[in-house]
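The values are calculated or read from the model by the stated rules, or taken from the named source; none is laboratory data. All of these numbers come straight from a predicted model, not from anything done at the bench. Neighbour counts are summed over all protein chains in view; Cβ atoms, including those assigned to glycine, are modelled from backbone coordinates with ideal geometry. Heads up: the accessible areas ignore ligands, DNA and RNA and are worked out on the full protein's heavy atoms, side chains in. Shrake-Rupley method; radii C 1.70, N 1.55, O 1.52, S 1.80 Å.
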Amino acid sequence: MHVFEFILAGVVAFLICGYFQLPILVWTIVAGAFGWWLSALAGFGPNTNIVLGVLFLAVAAALNIPMLRRLVFTNHVLAIYRRILPDMSSTEKEAIDAGTVWWDADLFSGKPDWDKMLKIPAPKLSAEEQAFLDGPVEELCAMCNDWQITHEQQDLPAHVWQFIKDKGFLGMIIPKQYGGLGFSALAHSAVVMKLSTRSAAAAISVMVPNSLGPAELLLHYGTDEQKNHYLPRLARGQEIPCFALTSPEAGSDAASIPDYGIVCKGTWQGKEVLGMRVTWDKRYITLGPIATLLGLAFRLYDPEHLIGDKEDLGITCALVPTNTPGVHIGRRHFPLNAVFQNGPNHGKDVFMPLDWIIGGKDYAGKGWMMLMGCLAAGRAISLPTSSTGGVKALTRFTGAYARVRSQFKTPIGKLEGVEEALGRIAANCYVMDATRVMTAGAVDLGEKPAVLSAIAKYHMTERARQSVNDAMDIVGGKGICLGPNNWVGRGYQMTPIAITVEGANILTRTLIIFGQGAIRCHPYVLREMRAAKEMQGAEASREFDDAFTSHIGHVLSNGVRTWVHGITSSRLAHTPSNGAPELMHYYRFTSRLSAAFAFLADMSMMGMGGALKRKEKISGRLGDVLSMLYLISATLKRYEDQGRQKEDLQLIRWAVRDMTYHAQHAIDQVLSNFPIKWMATMLRWTIFPVGMSFRPPLDARNRDSAQLILSPGAARDRLTAGMYVPKGDDATGLLEQAFVATIACEPIDEKLRKALKKGKMATRPGVDLGTIALEKNLISQEEFAQWTRKETLRKAVIKVDDFPQDFGRAALVDADATRPFVRAA
């Protein structure tokens with residue numbers, strides 16, 4: 001019995017010390033107490049007690065006195081670590097060092113501080129920014145006819161381009177001192193999102209100059225002369241910028257660009273100057289065909305050592321006017337019928353002065369650092385925002401269509417198969433908008449969230465892909481026939497573009513999210529690496545000792561808390577002190593998953609070491625867990641920031657339950673494919689001691705989510721807030737009118753159905769029910785007029801476009817013809 005008590009007490013003490021991550025000294029005292037208990041229990045003699053006591057004191061001293069611990073233990077570990085740690089290239093190091101860590105560090109710690117997250121102020125637009133959205137942005141949306149842009153002109157009309165320039169859309173990120181709008185990241189995001197609900201070409205044309213490109217690089221690294229010359233011209237639209245990075249031989253592996261420049265002397269404007277001859281071949285460059293200012297990335301060499309001792313200076317960024325002799329630009333790509341300006345450019349031995357380098361001669365060879373430093377902010381806004389805008393439009397219009405369109409005498413939105421897809425679209429919309437706002441808010445707080453921006457880019461574009469597939473399934477035949485009345489087809493075609501650019505999604509998921517996050521966001525790994533590779537002597541010894549011993553405690557604590565949360569169904573997991581009571585269980589679940597992720601990540605790095613970098617499938621799944629944790633966090637914070645709107649709970653419940661289930665599935669797949677089987681078994685017992693408890697969302701939650709977008713109201717308006725709601729008679733404008741009219745006429749339709757069922761009237765071929773009901777005095781003249789208007793709108797909404805046999809080519813023979821003949825059928 002005494003032995004059982006001893007063992008039980010030992011287990012409890014171990015769990016308490018590990019759970020609360022108590023310091024080594026406390027562990028030592030507890031161990032000493034158990035040693036004394038064991039001596040009394042076993043009846044050790046004096047000599048044995050003395051020997052054991054001396055051994056215990058020696059070990060305790062080695063563990064608790066840092067200088068002894070370094071000599072006996074951590075210096076030896078440091079030596080081994082230096083031997084096995086692979087060298088990191090300069091480009092890898094610059095990528096790791098780029099940006100900042102924010103909430104991702106909390107998630108990686110295994111102990112997210114929910115109170116800290118909820119205290120982050122909700123980002124708000126200024127009065128000036130809101131006025132711009134309500135004025136010029138609304139006006140620009142109204143000017144855009146997507147069919148005209150994508151099919152007839154294959155470009156934005158000239159007057160639209162001029163409006164974009166005149167109103168300062170191209171200079172949103174440029175400070176007012178240079179003539180720009182000086183908008184916040186949230187405002188930048190809101191503008192791009194609203195445009196994306198109307199015209200992808202307009203949104204991308206505005207988005208790109210305000211993302212990674214000449215303006216942002218100039219703001220951070222340009223000389224005063226460069227800023228004063230170019231920024232006002234960019235803000236006014238006098239210069240159209242593009243940035244050329246991607247080459248035929250260097251796509252996702254952008255750091256390996258073969259484009260090069262040679263430092264040399266040459267003649268420029270009649271004078272001999274120090275410059276460079278640059279050769280390049282670029283493709284996929286957005287705005288390139290119409291650009292007047294080319295941002296160019298290339299590797300710079302100085303074989304004659306004209307500007308320094310190094311021959312290979314590294315990647316360099318320069319600003320090149322496109323009218324420079326030797327610059328070949330203007331041809332276009334045609335990416336899946338998208339008509340935003342995009343194309344290749346090239347040049348061979350083009351001479352340019354050294355002061356065209358962004359930042360001047362001192363920034364020669366620092367281009368990769370510059371690009372990585374600016375990438376996070378732009379990637380956090382551009383594609384996550386445009387994807388969110390697209391899904392907001394799908395949410396509103398697909399819900400409206402599903403209410404207007406009937407089959408089997410029922411609005412198709414009430415068919416469970418359609419309802420399932422609608423519910424997914426609505427929940428995805430909530431999660432995406434929450435993530436957009438939280439990530440843009442981080443940028444406005446001064447963060448450059450490298451890992452979180454990669455998460456946002458990957459998951460927002462993937463959820464947009466899922467949503468447009470769902471919308472296409474719902475809309476059916478109307479969606480596959482392109483024409484002015486098709487509001488989903490172009491988005492469906494263009495979806496792979498967002499998947500591909502700014503880091504192809506496959507590589508973003510498998511290499512960046514966890515690969516960069518494991519080093520950048522982990523509380524100790526980067527410190528250990530820097531101690532091993534960048535420090536020497538006593539400094540390295542002290543830093544590594546502190547980081548490594550803290551790392552051991554971190555792993556042990558997360559392992560204990562993971563197991564405890566598993567056997568208690570997360571009841572002891574951390575929650576915010578003032579969070580919404582109705583969501584507390586989701587905070588607990590997420591805390592449990594955070595601890596499990598942190599423990600699994602550390603054990604994966606320990607078990608696989610450097611090989612984990614090549615285990616891209618496992619790395620991708622670990623990245624999935626981290627991503628789900630961030631998306632859940634954004635979703636929970638959105639609910640708090642919007643004042644705990646009870647109508648939104650069904651969206652949150654479906655979304656969070658779906659994400660916890662996917663996080664659990666990703667962990668399960670890591671364990672199933674873990675290369676060290678005994679470790680995989682131990683990890684499974686620790687993480688899932690009573691099995692995998694998270695379940696997918698209930699059908700009832702899905703139905704509730706779908707109902708939100710099938711009915712007008714505050715919840716639907718809140719979910720689609722910030723999008724352009726058309727007021728005219730184009731395809732989506734008619735759909736909005738038909739949606740309102742359909743709901744208003746439902747009592748009349750119900751009256752007609754009952755009259756038919758009771759035999760008060762009968763159908764007649766060629767005569768509509770409204771006319772028959774009016775003849776029978778079953779409805780009033782006012783009801784008949786209301787019903788007739790609804791039917792007119794309904795029929796207009798479900799019509800599908802058709803064209804002449806030659807698709808209108810004959811009509812274009814005449815140079816004055818600007819539009820092919822088209823009619824709706």
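Structure summary
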{"quantity": "Relative compactness, the range 308-454, computed as alpha-carbon Rg over 2.2 N^0.38 Å", "calculated": "1.61"}
{"quantity": "³J(HN,Hα) computed for each position of the range 246-253 - Karplus, 6.51 cos²θ - 1.76 cosθ + 1.60, integer Hz, glycine/proline x", "calculated": "6, 10, x, 9, 9, x, 5, 8"}
{"quantity": "Cα gyration tensor category, rounded, prolate or oblate, for the range 675-800 with a/c compared to 1.5", "calculated": "prolate"}
{"quantity": "Alpha-carbon Rg/Rh ratio, for the range 133-195, with Rh computed the Kirkwood way", "calculated": "1.01"}
{"quantity": "Value of [θ]222 nm, deg cm²/dmol, for the chain, DSSP H segments ≥ 4, -39500 (n - 2.57) each, nearest 500", "calculated": "-18000 deg cm²/dmol"}
{"quantity": "Contour minus Cα-Cα distance for Thr788 and Glu416 (0.36 nm per residue)", "calculated": "131.0 nm"}
{"quantity": "Overall Cα dimensions of the range 543-600 - principal axes, largest extent first, Å", "calculated": "44, 24, 14"}
{"quantity": "Percent breakdown of C-alpha pair distances by 10 Å bin, ordered from the shortest bin, for the range 372-453", "calculated": "18, 35, 22, 15, 8, 1"}
{"quantity": "Kirkwood-type radius of the range 441-487, with distances r between different C-alpha atoms, in Å", "calculated": "13.1 Å"}
{"quantity": "Projected label distance in nm at Thr48 and Gln162, using a 7 Å step from Cα toward the beta-carbon", "calculated": "10.0 nm"}
{"quantity": "Å² of accessible area per residue within the chain, as computed with a 1.4 Å probe and no ligands counted", "calculated": "43 Å²"}
{"quantity": "Charge dipole (the chain, unit charges on Cβ, about Cα centre) - positive-most of Pro209, Ala61, Leu482", "calculated": "Leu482"}
{"quantity": "Over the range 218-353, equivalent-ellipsoid semi-axes from the Cα gyration tensor in Å", "calculated": "25, 19, 14"}
{"quantity": "Cα-based equivalent ellipsoid, the range 734-804: semi-axes from gyration tensor eigenvalues, Å", "calculated": "24, 15, 10"}
{"quantity": "Assigned charges on the beta-carbon of Lys, Arg, Asp, Glu; the chain dipole about Cα centre (debye)", "calculated": "2060 debye"}
{"quantity": "Carbon/sulfur fraction of accessible area - the range 538-590, other protein chains in place, 1.4 Å, %", "calculated": "56 percent"}
{"quantity": "Contour excess over end-to-end distance, with Cα ends at Val77 and Gln407 and 0.36 nm allotted per residue", "calculated": "111.8 nm"}
{"quantity": "Charge sum, other residues only, whose C-beta stays under 13 Å from Gly237's C-beta, Lys/Arg counted +1 and Asp/Glu -1", "calculated": "+2"}
{"quantity": "Gained length - Ser780 relative to Asp253, 0.36 nm times residue gap less alpha-carbon distance", "calculated": "182.7 nm"}
{"quantity": "Carbon + sulfur, % of accessible area of the range 262-341 - ligands and nucleic acids excluded, 1.4 Å", "calculated": "48 percent"}
{"quantity": "Exposure rule at most 14 other beta-carbon atoms within 10 Å, DSSP loop GluC sites (Glu not before Pro): the chain longest free segment", "calculated": "535-825"}
{"quantity": "Per-bin percent of Cα-Cα distances, the range 201-292 [10 Å]", "calculated": "14, 34, 41, 11, 1"}
